[in-house]
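Note sheet for the following structure.
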Amino acid sequence: MWMVAAMGAVAAVPAWAEGKIAVVDFQRLGQESPQGKEVFDALRAEFAPRERTLQATGQALKAKQDKLQKDAATMTEEQRSRAEKDLRDGARDFERARGELQDDETARRNEQLSRLQRALVEEVRAYAKAQNLDMVVSGDAVLYAAPSYDITPAVLTALQSKAAAAPAAKPAATPAPAQPPAKPQSK
């Protein structure tokens, strides 16, 4: 009886083994696709003014500190105390502003990367369906895959074609409302 079951399993293996499998490198798609580059450029542009302001504040704070060290010997106790308090207050404000900037950048980056990932997943799914693939595996989890299984270049080409065909839209200055994460779809 078990021999019949084993023969049935062995006979089923060729049909199972002939599935079309591909590998995709999502990190590469995010870095090299026009959509990914657009996201990263928009993030840099969005936060560059605040980063420049923060850098200028840091330089001004450093100049105050250098002036205090240079002039401390010639200052009265009251002048030195006032300058030290001003320096402490400035340093505290600088650290708070730097923390707020980092928090804002992280939140916005996560939001944009989530949106980009959803778009990349949809493009990979569309490509896989068009090519009649049975399975696509993310390259991050694969220990080895022959280059012939890698569909990343083909998906990149499709993303570039979409970007070239789409009119250049400027990202909105205000963030869009958060959308719930997309649920994975099974075949």
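Being surrounded by 15 or more Cβ atoms within 10 Å (Cβ to Cβ) and part of a helix (DSSP H, G or I) is the filter; apply it to the stretch 143-153 and report the residue that is modelled with the highest pLDDT. Give the steps one after another, and end with the answer.
Initial filter on the stretch 143-153 (surrounded by 15 or more Cβ atoms within 10 Å (Cβ to Cβ)): 145, 149-152.
Still in the running and part of a helix (DSSP H, G or I): 149, 152.
On the way: Y149: 83, T152: 87.
Of everything passing the filter in the stretch 143-153, T152 is modelled with the highest pLDDT.
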Any idea which residue in the stretch 21-39 is farthest from S148 (Cα to Cα), counting only those that are part of a helix (DSSP H, G or I) and among the acidic types (D, E)?
-> E38
Taking the stated definitions as given, is V136 among the aliphatic types (A, V, I, L, M) and in a helix (DSSP H, G or I)?
-> no
For V121, indicate whether it is modelled with pLDDT of 85 or more, surrounded by 13 or more Cβ atoms within 10 Å (Cβ to Cβ) and not in a helix (DSSP H, G or I).
-> no
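Is it the case, given these coordinates, that R80 is of a type in the set (K, R) and modelled with pLDDT of 95 or more? It would help to see each step written out before you state the result.
Numbers: of a type in the set (K, R): yes; modelled with pLDDT of 95 or more: no.
When the stated conditions are applied, R80 does not pass them.
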Within the stretch 48-78, the count of residues that are surrounded by 12 or more Cβ atoms within 10 Å (Cβ to Cβ) and not in a helix (DSSP H, G or I) comes to 1
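The values are calculated or read from the model by the stated rules, or taken from the named source; none is laboratory data. Since we're looking at a predicted model, the values are computed, not measured. No Cβ is skipped: glycine too gets one built from the backbone with ideal geometry, and neighbour counts run over all protein chains shown.
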